[in-house]
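The values are calculated or read from the model by the stated rules, or taken from the named source; none is laboratory data. This one's a predicted model, so the numbers in the text were calculated from it and none came from an experiment. Virtual Cβ from ideal backbone geometry, glycine too; neighbours counted across all protein chains shown.
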Amino acid sequence: MELRPARKIAVLRRQLLQWYARHRRDLPWRNTADPYSIWISEIMLQQTRVAVVIERYREFVNRFPTLLSLASANEDDVLALWSGLGYYRRARMLHKAAQAVTSQHGGIMPQTAHALRSLPGIGSYTAAAIASIAHGEPVAVVDGNVERVLCRIEGWEGNAKTNTALRKQIHDLADRLVDPTQPGDFNQAIMELGATVCVPRNPQCLICPIATHCHTRGEHKTEKRKPMRSKQIAHALVLRTVRNGHAKQNQEVLLERRSKVQTVMPGLWELPALLEAEVPESELRLTVRHAIMQVNYLVHIRSVEEQHLDQLTQSRGERRWVSIEVVQTMPLTGLARKVLVRTGLLTSKREIANQAAARLPIG
């Protein structure tokens with residue numbers, strides 16, 4: 001951008017916005033200027049694939065359509081709806097921020113990026129996204145996609161997470177580029193470009209709308225991802241049948257919840273852990289794979305009788321017998337929900353959504 005920077009920036013803005021108008025994905029949170037809805041989507045999109053977020057976003061805003069409804073909700077209900085999205089701290093901070101807006105701002109979200117950053121769980125990126133998209137504030141968003149696009153445009157190399165000077169260069173350039181008249185669309189356009197065209201590996205430079213501005217044209221060194229670690233663990237599936245007062249039989253499952261000092265997912269219910277990660281083939285109920293952060297878990301599930309609990313499992317917190325009907329509404333870890341769905345004890349969230357859609361009147 002060294003030659004006639006103002007003119008080149010104007011051309012880049014126009015080309016990128018025109019491309020975005022034609023090619024942007026039809027995502028539910030792009031059909032609203034409501035800051036609450038935009039906020040929900042931005043928090044969900046952190047560390048989570050768009051395809052997963054679409055379904056869960058709709059469920060969340062249907063259950064908590066307003067900031068006040070979220071603020072007044074029980075945390076367990078919020079976590080239950082978040083179950084399966086991972087990174088549960090996001091849900092807790094979302095809930096706390098909604099309560100802060102209710103108690104400190106009269107239920108109305110701050111409108112500037114600076115003011116939004118005072119809320120729990122809202123950093124500079126999320127604040128800029130909300131302020132620019134919902135309120136038209138000309139502030140730049142910088143996420144991983146934007147960093148990659150800008151580094152390729154300028155031919156910069158290095159890791160912005162550890163290189164303070166590079167990080168400042170990226171933010172300065174982002175501030176210069178953001179369109180002052182359409183900041184929300186511009187920010188979404190450059191993020192969209194990074195997510196769909198200027199991808200980490202094998203970028204589609206031939207169809208890139210701003211390829212003429214790019215110094216690297218895909219020949220940009222990217223750091224290798226940290227290798228995933230593998231780990232083997234085992235959990236117990238403990239079921240029992242009880243009779244209620246009407247002689248009707250109900251099936252219950254044993255769940256466990258660890259304290260905050262014992263787990264990175266406090267408040268969530270999981271299956272009891274077995275003492276041994278190895279499970280005899282004859283006792284194996286099923287095996288699932290489950291990734292959390294940088295670890296790929298191979299998880300063995302063993303059916304355990306109630307009388308053998310002390311012998312085979314390690315107690316790591318509060319335990320509770322819960323009817324299958326109630327389990328569906330509880331804040332479960334993603335692994336616990338996956339196992340209960342695979343064993344046919346729970347209905348997946350997607351099936352529930354499909355069933356609900358099938359009941360809607362046509363026309």
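Please count how many residues of the range 142-195 are at pLDDT below 95, touching a His at 6+ places or on another chain (Cβ under 7 Å) and either part of a helix (DSSP H, G or I) or buried (at least 20 other Cβ atoms within 10 Å of the Cβ) (or both).
4
From the set of residues in the range 294-348 that are in contact with an Asp or Glu (Cβ under 7 Å, 6 or more places away or on another chain) and basic (Lys, Arg), which is farthest from Gln232 (Cα to Cα)?
Only one residue tops the list, namely Arg319.
Are any of the residues in the range 168-191 assigned by TED's automatic domain parsing to the domain that holds Ala21 and farther than 24 Å from Ile133 by Cβ?
At the first step, the residues of the range 168-191 found to be assigned by TED's automatic domain parsing to the domain that holds Ala21 are 168-191.
Restricting the remaining residues to those that are farther than 24 Å from Ile133 by Cβ gives 168-169.
For the range 168-191, residues assigned by TED's automatic domain parsing to the domain that holds Ala21 and farther than 24 Å from Ile133 by Cβ: present.
Restrict the check to the range 316-328 and report whether at least one residue is of a type in the set (A, V, I, L, M, F, W, C) and outside any helix (DSSP H, G or I). Spell out the reasoning first.
Residues of the range 316-328 that are of a type in the set (A, V, I, L, M, F, W, C), as a first pass: 321-322, 324, 326-327.
Next cut, outside any helix (DSSP H, G or I) only: 321-322.
Yes, the conditions are met somewhere in the range 316-328.
What do you reckon, is Val261 at pLDDT below 90 and either touching a His at 6+ places or on another chain (Cβ under 7 Å) or among the hydrophobic types (A, V, I, L, M, F, W, C) (or both)? Talk me through it step by step, then tell me what you get.
Details: at pLDDT below 90: yes; either touching a His at 6+ places or on another chain (Cβ under 7 Å) or among the hydrophobic types (A, V, I, L, M, F, W, C) (or both): yes.
In short, yes.
I'd like the full set of residues that are within 13 Å of Ile38 (Cα to Cα) and touching a Lys or Arg at 6+ places or on another chain (Cβ under 6 Å), limited to the range 111-129.
Matches in the range 111-129: Ala127 only.
Before we move on, is Ala336 part of a strand (DSSP E or B) and of a type in the set (Gly, Ala, Ser)? Can you show your working first?
On the way: part of a strand (DSSP E or B): no; of a type in the set (Gly, Ala, Ser): yes.
No: the conditions fail for Ala336.
Is there a residue in the range 215-236 that is touching a Lys or Arg at 6+ places or on another chain (Cβ under 6 Å), among the polar types (S, T, N, Q), more than 30 Å from Leu286 (Cβ to Cβ) and touching a residue at least 12 places away in the same chain (Cβ under 8 Å)?
Within the range 215-236, one or more residues are touching a Lys or Arg at 6+ places or on another chain (Cβ under 6 Å), among the polar types (S, T, N, Q), more than 30 Å from Leu286 (Cβ to Cβ) and touching a residue at least 12 places away in the same chain (Cβ under 8 Å).
Take the residues of the range 61-74 that are out of contact with any Leu (no Cβ under 6 Å at 6 or more places or on another chain) and surrounded by 14 or more Cβ atoms within 10 Å (Cβ to Cβ): which is nearest to Arg30 (Cα to Cα)?
Kept after step one, since they are out of contact with any Leu (no Cβ under 6 Å at 6 or more places or on another chain), are these residues of the range 61-74: 61-62, 65-74.
Cutting the leftovers down to surrounded by 14 or more Cβ atoms within 10 Å (Cβ to Cβ) gives us 61, 66-68, 70-71, 73.
Details: Val61: 14, Thr66: 17, Leu67: 18, Leu68: 22, Leu70: 21, Ala71: 23, Ala73: 26 Å.
Selected residue: Val61.
If a residue has to be among the hydroxyl-bearing types (Ser, Thr, Tyr), over 20 Å from the mean Cα position of the chain (by Cα) and exposed (fewer than 15 other Cβ atoms within 10 Å of the Cβ) to count, how many in the range 304-346 make the cut?
Keep residues of the range 304-346 that are among the hydroxyl-bearing types (Ser, Thr, Tyr), which gives 313, 315, 323, 329, 333, 343.
With over 20 Å from the mean Cα position of the chain (by Cα) added as a condition, the list becomes 313, 315, 323, 343.
In the following step, the residues that additionally are exposed (fewer than 15 other Cβ atoms within 10 Å of the Cβ) were identified as 315, 323.
Residues that pass the stated criteria total 2.
Of all residues in the range 78-127, which are surrounded by 16 or more Cβ atoms within 10 Å (Cβ to Cβ), outside any helix (DSSP H, G or I) and among the polar types (S, T, N, Q)?
Once the filter is applied, which keeps residues that are surrounded by 16 or more Cβ atoms within 10 Å (Cβ to Cβ), outside any helix (DSSP H, G or I) and among the polar types (S, T, N, Q), the range 78-127 yields only Ser83.
Before we move on, is Arg217 at pLDDT below 95, surrounded by 10 or more Cβ atoms within 10 Å (Cβ to Cβ), among the charged types (D, E, K, R) and in contact with a Cys (Cβ under 8 Å, 6 or more places away or on another chain)?
Numbers: at pLDDT below 95: yes; surrounded by 10 or more Cβ atoms within 10 Å (Cβ to Cβ): yes; among the charged types (D, E, K, R): yes; in contact with a Cys (Cβ under 8 Å, 6 or more places away or on another chain): yes.
Answer is yes for this residue.
Of everything in the range 291-342, what is of a type in the set (Lys, Arg), over 19 Å from Ser230 (Cα atoms) and modelled with pLDDT of 90 or more? Give them in sequence order.
Of the range 291-342, the ones of a type in the set (Lys, Arg) are 302, 316, 319-320, 337-338, 342.
Filter again for over 19 Å from Ser230 (Cα atoms), leaving 302, 316, 319-320, 337, 342.
Correct list: Arg302, Arg319, Arg320, Arg337, Arg342.
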